[in-house]
Structure formats: structure tokens, C-alpha cells
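Below you'll find the structure, written out as C-alpha cells, and then a few comments.
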Amino acid sequence: MSHLFPTYARMNIEPVHAEGCYITDKTGKRYIDFTSGIGVCNLGHQPPSVKSVIEKQLNQFWHVSNLFEQEGQEVAAKSLAEAAEMDSVFFSNSGAEANEGAIKLARKATGRSKIITFEKSFHGRTFGAMSATGQDKIKQGFGPMLEGFVYVPFNDFEALETEMGQDIAAVMLEVIQGEGGLYVGSELFLKQVESLCKQYGALLVIDEIQTGIGRTGKPFAFQHFNLNPDIVTSAKGLGSGLPIGAIIGKEYLNEYFGPGSHGSTFGGNPIAISAANQTMKEIFNQEFLLKVNEKSELVFSLLQSQLNRESIVKEVRGLGLMIGIELASPVQPLLTVLRERGVLALPAGDTVLRLLPPLIMNKEELEEGITIICNTINEMVYA
Ligand SMILES: *Cc1c(COP(=O)(O)O)cnc(C)c1O
């Protein structure tokens, strides 16, 4: 009997080794990984350069507390701020925690408490982040939620405008909704959200926990649309598999996050920070991101040419290497067959196949995996 709470519906695979884009399980079966540990291992598993900075930090210090000056945190904050074209950073241990902090900061900075988020959004499992999440199934049985959240349909500007007012602290959104079904925000909608926020003095908070750190071919997905957020949250890919999250904000917010206002014992842990620094050094690089965009074009053109038009595919969407294939039927049976064929992929919502390959996956590997995926989907029609 397992002594773990059964919170996860686990697949029947037990990894014993993971390197680059491959995971080997205890039966010796090898899988090509289109999950990246759910959008975390953007540089693949055990990227050698990250491994070596972690090893170096292991021999210096593991934890000293945030009462000390820490050069590594300064370097990481500068990289994040520069990449996001923003100013100040707070380090947390996870995505949900980053969003909690963002909610606190938005409330304090505006003196308002209401926050508008979107249906099908996902912001995490802690009380604030769960309350922000626009999916009932995530909240079932855990009520009452944190007060003050209002949910409107994504990409529906009129609905947003109806809820907007002088009492709104922030609008919080994912540029591409990840867990909820891989829905991409339209450029017009996102720009309208931004100007509406300005008009009402509400903060624009962008949850880049899944979309950030090069996933979409830019450091952060909001940069595809030239948005100008007040707060951005990051996590997942930031530490290449070590637990770290971040709140990135505009300089004017410094006065609301003064000494004693927020904190975390482990936040900005030196080992995680060393991993984040090396991860950002590699990903926030023109040449690296150019390659991500080339790979993205390859993947979308393969999907376009290989997916059978009369198949159960309803829509292919995404940005960079964050790809959703919406099916006319549940996605779980497809995931099972893909696993048998040595391909690991993810669901998003009930009917969307989500692909988040490591950004370092080469074109041959991408082509090999995508071909298996397309063939398997095509078979589903005629099965
Ligand atoms: C995964 C995710 C979170 C939650 O991050 P955790 O590290 O699991 O707490 C929040 N927002 C988005 C968009 C995510 O994809």
C-alpha cells in the first residue's frame, strides 16, 4: 500500500534515469519526452552546464537565509528583470507561491481587493492562487475561497469591460492558458486588457509560470504582444527542475514590498538560484531563442502536413514550443497509446493534447516524435 495521499493520477511508469530528451524507466523502456516535467526541464534533463553550477554551489553553501546579502540572487534578479524589461524581483519556491505574492502586492499597491481572472485559467493550488483559478473542479470541496475574485470568459473584452471598475486591483491572466486547454490570448484582446487596466488604475498581472523562460520563443510570452505588465510571475522552467519561482515587478512597487512585508525561508535558495542563473544564461540568448522559433515552425508545419484532415483533430494552436492539439474526443486514450509507442505527452483540459518538448530537442527528434504523434492521432479516426 502506498503511504502517499492519492492526489495524483499517476501513469504506470517509474523513471530510473533521465537525460536530455529521454526518460528510461525501471523496465529499461526509453521514452522521448514531450512533457519536460510539465514545462520545467526546458533545457532537457540534467543539462550538463546547469549540473556543474549546482555542483559548484553545493560546495559553497546550501542555505544561509535571506538575512544575508546573496550575490547569486542579485544576478538572477537582474537577469529576470532585464529579460522581462521590468525592475524588481522577489524569489519564491513555486508558481502558486509567486502568484500568492503577486496577489498580495497588487492589493497593497492599489489599496483595492478585487481581482479579475479568466474562466479556464490556472494559477495554482494554494488558497489565493486557487481562488484566482477559473475552474470549479480545482476548488471542489475546499470552500470558502479567498474573497474578491471575479471570473470572465477569456478573449471576451466586453465581458471584462462589464466587470471593470475603480474597485479592481488587478486583472490577472495567462497569455496562453496552459492547464485549462491551451487557449491563446488574441493580440487585440490582450492589448485591450492592457489599456482598460491603465484607464481604471488596475494592475496588469501576467502569470508566465508555464509560458515564460523561452517556452514560446521569447523570454516571456507577453513579449509577442508588446504588453507592458505591472507584475509578472515565473516558476516552472526557471530552475531547470530545481524548485524556484519569482515575482517580477515595476520599480514603483518597491515601496509596497518593503522590509517585513513579505518573505520566504527557502525563497531564493542558493542551489535553486545557481540553477536559475545558468538556465537564464542559456535561454535568454538571441541565438537560442531563434532556434526555438525555427523548431516551432518545423513542428507546426509537420502537424499541418501530417495530421489527417478528416481526423478527430479540431484545432492546432500554440506559440513556440507550447503546442495544443484539440481533439473531438477525450485525450487520455491517445496518451496511453503514445506511451506504449515511447512518446510522453500531456493533456490540457479533457480533450487537448499538450506538447511541451524540451527547448533543446533537435529537429530529428522533434520530427521523429511528431510523426509518431500524428500517425497515432490519424489512426484514431479509422480505428
Ligand atoms: C503550474 C502553474 C502554476 C502553479 O505552479 P506550481 O509551481 O505548481 O505551484 C500556476 N500558474 C500556471 C500558469 C501554471 O502553469
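Tabulated data for the structure shown
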read-out	value
Residues of region 249-268 that turn out to be in a loop (DSSP other than H, G, I, E, B), closer than 22 Å to Gly111 by Cβ and touching a helix residue (DSSP H, G or I) at 6+ places or on another chain (Cβ under 7 Å), as a count	2
Top-ranked residue in region 266-308 [being in contact with a strand residue (DSSP E or B) (Cβ under 8 Å, 6 or more places away or on another chain) and not assigned by TED's automatic domain parsing to the domain that holds Glu74; ranked as nearest to Leu80 (Cα to Cα)]	Ser296
Restricting region 225-249 to residues that are in contact with a Phe, Trp or Tyr (Cβ under 8 Å, 6 or more places away or on another chain) and hydrophobic (A, V, I, L, M, F, W, C), the residue that is nearest to the ligand (Cβ to nearest atom)	Ile244
Flag for Leu190 being within 16 Å of the ligand (Cβ to nearest atom), in the same structural domain as Gly72 (by TED's automatic domain parsing), of a type outside the set (S, T, N, Q) and surrounded by fewer than 24 Cβ atoms within 10 Å (Cβ to Cβ)	yes
Some residue of region 311-319 being in contact with a Gly (Cβ under 6 Å, 6 or more places away or on another chain) and either in the same structural domain as Gln210 (by TED's automatic domain parsing) or touching a residue at least 40 places away in the same chain (Cβ under 8 Å) (or both)	yes
Residues satisfying the stated conditions in region 157-187, i.e. more than 16 Å from the ligand (Cβ to nearest atom) and touching a helix residue (DSSP H, G or I) at 6+ places or on another chain (Cβ under 8 Å)	Phe157, Leu160, Glu161, Met164, Gly165, Gln166, Ile168, Ala169, Glu187
Qualifying residue in region 270-281 (condition: touching a helix residue (DSSP H, G or I) at 6+ places or on another chain (Cβ under 9 Å), within 16 Å of the ligand (Cβ to nearest atom) and assigned to a loop (DSSP other than H, G, I, E, B))	no
Condition met for Thr126 (closer than 24 Å to His262 by Cα, touching a residue at least 24 places away in the same chain (Cβ under 8 Å), out of contact with any Asp or Glu (no Cβ under 9 Å at 6 or more places or on another chain) and of a type in the set (Val, Ile, Thr))	no
Gly260 vs. criteria of a type in the set (Gly, Ala, Ser) and without any contact (Cβ under 8 Å) to a residue 60 or more places away in the chain	yes
Total residues in region 105-133, condition aromatic (Phe, Trp, Tyr) and crowded, with 19+ Cβ neighbours inside 10 Å	2
Lone qualifier among Ala18, Ala9, Ala83 - being within 25 Å of Gln210 (Cα to Cα), in contact (Cβ under 8 Å) with a residue 24 or more places away in the chain and either within 16 Å of the ligand (Cβ to nearest atom) or over 19 Å from the mean Cα position of the chain (by Cα) (or both)	Ala18
Residue match in region 131-138 (condition: more than 15 Å from the ligand (Cβ to nearest atom) and modelled with pLDDT of 95 or more)	yes
Those helices (runs of 4 or more DSSP H) lying entirely in region 1-92 with at least 1 residues exposed (fewer than 10 other Cβ atoms within 10 Å of the Cβ) and not assigned by TED's automatic domain parsing to the domain that holds Pro243	none
Complete set of residues in region 73-93 that are touching a Phe, Trp or Tyr at 6+ places or on another chain (Cβ under 7 Å) and within 13 Å of Ile231 (Cα to Cα)	Ala84, Phe90
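The values are calculated or read from the model by the stated rules, or taken from the named source; none is laboratory data. Everything quoted here is computed from the prediction, not taken from an experiment. For neighbour counting, all protein chains shown are included, and Cβ atoms are generated from backbone atoms with ideal geometry for every residue, glycine included.
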